[in-house]
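The structure under discussion appears below in the form of structure tokens.
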Amino acid sequence: VETIRVVEARRPEAIGREVCIRGWVRTRRDSKAGLSFIEVNDGSCLGNLQVLAPASLPNYETVVKHLHTGASIRALGVIQASPAKGQATELLAQQVELLGDADPNTYPLQKKNHTYEFLRTIAHLRPRTNTFGAVTRLRHRVSLSIHQFFHENGFYYIHTPIITSSDCEGAGALFRVTTLDLEHLPRQQGRVDYTQDFFGKPTYLTVSGQLQAEAYACALGKVYTFGPTFRAENSNTTRHLAEFWMVEPEMAFYELADNMNLAEAFLKRIIADALRDCAEDMQFFQERVDPHLLPRLQHVLETPFQRISYTEAVDILSRAGRVWEFPIAWGKDLQSEHERYLAEEHFRAPVILYDYPRTIKPFYMKVNDDGRTVRAMDVLVPGVGEIIGGSQREDRYEVLEERLQEQGLDREAYRWYLDLRRYGSVPHSGFGLGLERTLLFLTGLTNIRDVIPFPRYPGHAEY
Ligand code: ATP
Ligand code: MG
Ligand code: MG
Ligand code: MG
């Protein structure tokens, strides 16, 4: 007998097949007529498979009638058309086997809706809920779309280092890497600086793979890196994690407008794939999380992204007639409240802001002719705010050198980076998209801790 997954067993084409399925019991209901209905989920889709267990099963009284929520089972039988609403098929069981019981007195996921806060305290069990099953399948699909999109557009996937000695722009506070050589620790204590000894210099967990990706773009043309990124964010927000996943494409011969076009096409591709291939899960988010989700995403797909300069944005914000928590002034970075106002209320669509003041952006962004602004771009989306940050990179050796100095950075540490301008420099651009911010955007969920399996944030590194 073939073992299939619930997603397959739920399709009408499965009717008539004799199969085996395995999964976890969501609920059990016993009818007076001597029949039990067991809802089984195996994570392959949102829906459960209803298993009909007749009283004639040899272990009906001893096992089936005692199956608890959370227990794992194996059921063998024939798929038949289901008269029940919301499901095409069900399994008429000839055999039901208990694999692992779940004590109903202690199993935390009983049949009721739990708060996200509570589920965060049991991050190892929350994948068994509908919400986290759906988030996980979507996260997988988005990751795949990222690779597909870039592969189809001629990019190479490169792997930038996780341990690095470059602090890349000071994009966020750094996690320092140390060694713990337990065997030698007592002997060497006081003589060895464990923070520096191993590599001969201080090292950190990467806050961005951009600079290294630039080196590869300036050889292979178009590359992207996609991996874990670490920032010791000192604030507790619903949009920041200490460990998150970022995808960073970097393209030679790309000006800022090309960069924007790519970012827009990329985001739209991710949305379209999710709507098509995760339709059931997306419908679930629409019904359970945000009733405006699907129309909003559809609208985003069909609308060209607005593009306005930082200066225009400051103008709009100062005329908005609002009292901002963080006052607006040209030269100050925008805060989440400003970004969300622009995308959610003013434009009601994604908006790309470009040409930011040079004083608030990192040294590597290309300085405009006005001398005051740099070719930065941020993509802001409704519900999230900044989802992408990028720029055209400074490709002039002298200007880059000047910028390093201006920001008080060590020229020697960036010698290799300057080399990229010294030998065969070309205009080039890139951006970073946060995977978790993208998932907030796609699900309507509001806390970034709920779209990553095991979230890391101040005070929290469980598991
Ligand atoms: P923010 O202004 O929201 O702090 P940022 O400007 O510091 O973001 P960038 O350095 O531009 O972020 O990084 C590129 C992208 O990475 C951001 O647009 C965002 O999607 C994501 N990102 C940045 N920091 C975090 C974080 N701490 N947790 C999750 N995603 C993040
Ligand atoms: Mg930040
Ligand atoms: Mg920002
Ligand atoms: Mg940014």
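Points to keep in mind about this one:
- Against the conditions (1) of a type outside the set (A, V, I, L, M); (2) assigned to a strand (DSSP E or B); (3) more than 16 Å from ligand 3 (Cβ to nearest atom), D370 satisfies every one except (2).
- Annotation note: Cβ proximity below 7 Å between a residue of region 307-331 that is basic (K, R) and a residue that is surrounded by 14 or more Cβ atoms within 10 Å (Cβ to Cβ) (sequence gap 6+ or interchain) occurs for R307/M260; R307/I352; R307/Y354.
- Filter pass, N105 being outside the structural domain of A242 (by TED's automatic domain parsing), under 31 Å from the mean Cα position of the chain (by Cα) and without any contact (Cβ under 8 Å) to a residue 12 or more places away in the chain: no
- The residue that is surrounded by the fewest Cβ atoms within 10 Å (Cβ to Cβ), counting only those in region 398-447 that are within 16 Å of ligand 3 (Cβ to nearest atom) and not in a helix (DSSP H, G or I), is G432.
- Unique residue being in contact with a Leu (Cβ under 9 Å, 6 or more places away or on another chain), more than 15 Å from ligand 4 (Cβ to nearest atom) and of a type in the set (D, E) when the list is E312, E339: E312
- Matching residues, region 361-383, being more than 10 Å from ligand 4 (Cβ to nearest atom) and either of a type in the set (F, W, Y) or over 21 Å from Y397 (Cα atoms) (or both): F363, Y364, L380, V381, P382, G383
- All positions within region 213-245 that are buried (at least 23 other Cβ atoms within 10 Å of the Cβ) and in a strand (DSSP E or B): V223, Y224, T225, T229
- The residue pairs whose first member lies in region 373-392 and is within 16 Å of P350 (Cβ to Cβ), whose second member is among the aromatic types (F, W, Y) and part of a strand (DSSP E or B), and whose beta carbons are closer than 6 Å, counting only pairs six or more residues apart or on different chains, are M377/Y354; I388/F431; G390/F431.
The values are calculated or read from the model by the stated rules, or taken from the named source; none is laboratory data. Just so you know, these numbers come straight off a predicted model, no measurement behind them. We place every Cβ from the backbone using ideal geometry, glycine too, and count neighbours over all the protein chains shown.
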